[in-house]
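See structure below.
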Amino acid sequence: MDKTEFLDQIKGKLIVSCQALEDEPLHGSDVMAKMAIAAETGGAVAIRANGKEDIAAIQKVTNLPIIGLVKRVYDDSEVYITPTKKEIDELLTVNVDVVAIDMTNRPRPNNESLADLMKYMKENNQLVLADVSTLDEGLEAVRLGADFISTTLSGYTNYTNSNSNGPDITLVEQLVKATDVPVLAEGRIQTPQQAKEVINKGAFSVVVGSIITRPQYITKLFADELNN
Ligand SMILES: CC(=O)N[C@H](C=O)[C@@H](O)[C@H](O)[C@H](O)COP(=O)(O)O
């Protein structure tokens with residue numbers, strides 16, 4: 001899918017993140033493929049997924065476009081969403097429609113430079129979604145040539161630590177005002193009403209994960225409420 005088709009597909013609509021890491025109860029490509037089918041059945045227009053095994057399994061069961069990432073932790077950096085060229089290469093082998101990559105300004109593993117990684121993805125005609133945590137990071141991502149920006153990492157960098165249970169609507173608004181690059185609202189969106197709200201504030205599309213695809217997380221919300 002090219003950029004125009006992808007944008008037509010997602011405009012004003014719901015993207016579902018289907019992820020379960022190794023330490024999560026639903027870990028496994030078969031389960032994530034079923035999650036993707038459930039998401040499509042419910043009306044999602046694209047899937048965000050982690051790791052080439054999950055991505056390949058999801059591609060077998062749906063034609064929805066895929067935003068792919070590889071989460072990997074390195075000792076020398078806090079960056080874990082598609083941190084190095086190695087993870088980009090893994091994603092290139094499975095032909096994702098879009099690569100999601102941490103574009104915060106934190107040092108990357110092996111001191112790899114974001115500019116070099118962006119250049120490499122563009123040489124490979126790869127659409128890029130910049131996961132950021134602040135307005136400045138979003139603007140730098142645009143300068144480096146990101147095709148789309150997502151608020152994914154707001155609240156997850158040590159300079160944006162937040163106690164909020166909801167999305168960072170302020171960051172969505174700031175990014176929308178500051179750039180023409182489409183802004184995806186992502187992170188801690190908990191209700192359909194919040195999804196609608198971020199669209200009304202100018203987000204191009206909405207990415208929702210845990211509240212749809214992480215049952216242990218959803219269960220905890222109920223259990224905690226009863227325990228309080
Ligand atoms: C911070 C981080 O690592 N975010 C990850 C990015 O891929 C995922 O674990 C999230 O589920 C995704 O961003 C969707 O957000 P939420 O699950 O809050 O709806």
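No lab work stands behind these numbers, since they all come straight from the coordinates. Values in this document were obtained by computation on a predicted structure and should not be read as measured data. Neighbour counts are summed over all protein chains in view; Cβ atoms, including those assigned to glycine, are modelled from backbone coordinates with ideal geometry.
Numbers for the structure displayed
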quantity: D (Stokes-Einstein, µm²/s), Kirkwood Cα radius, segment 186-228, 1.567 mPa s at 4 °C; calculated: 114 µm²/s
quantity: Inter-label distance, nm, simple model (7 Å from Cα along the C-beta direction), I37/T191; calculated: 3.2 nm
quantity: The chain, relative contact order [Cα under 8 Å, separation at least 6], %; calculated: 17 percent
quantity: Share antiparallel - DSSP beta bridges, segment 3-227, percent rounded to 5; calculated: 5 percent
quantity: When segment 1-51 is reduced to its Cα atoms, the Kirkwood hydrodynamic radius in Å; calculated: 11.8 Å
quantity: Mean shadow area of segment 7-137 over all directions, Cα convex hull, nm²; calculated: 8.4 nm²
quantity: Exposure proxy order (Cβ contacts within 10 Å, fewest to most) of Y159, Y80; calculated: Y159, Y80
quantity: Positive minus negative residues near E137 (Lys, Arg vs Asp, Glu; Cβ under 11 Å); calculated: -2
quantity: Size descriptor, Kirkwood hydrodynamic radius, that averages inverse alpha-carbon separations across segment 110-228, Å; calculated: 15.4 Å
quantity: Label-zone membership for segment 124-141, site E78, 7 angstrom Cα→C-beta point, backbone N under 13 Å; calculated: 133-134
quantity: Cα centroid of segment 82-111 to Cα centroid of segment 161-228, whole Å; calculated: 23 Å
quantity: Restraint check, K13/K34; K60/K85; K52/K119; K86/K122; K3/K34; K3/K119, Cα-Cα greater than 19 Å; calculated: K13/K34; K60/K85; K52/K119; K3/K34
quantity: Calculated [θ] (222 nm, deg cm²/dmol) that DSSP helices of n ≥ 4 give over the chain, each run adding -39,500 (n - 2.57); calculated: -12500 deg cm²/dmol
quantity: Square roots of 5 times each gyration tensor eigenvalue, C-alpha, the chain, largest first, Å; calculated: 24, 21, 19
quantity: Neighbour-count ranking [beta-carbon atoms within 10 angstrom, fewest first] of M103, M32, M118; calculated: M118, M32, M103
quantity: Residues of type aspartates and glutamates that K71 reaches as a straight line, Cα spacing below 15 Å, ignoring anything fewer than 8 places off in the same chain; calculated: E22, D23, E24, E53, D54, E87, D89, E90, D102, D131
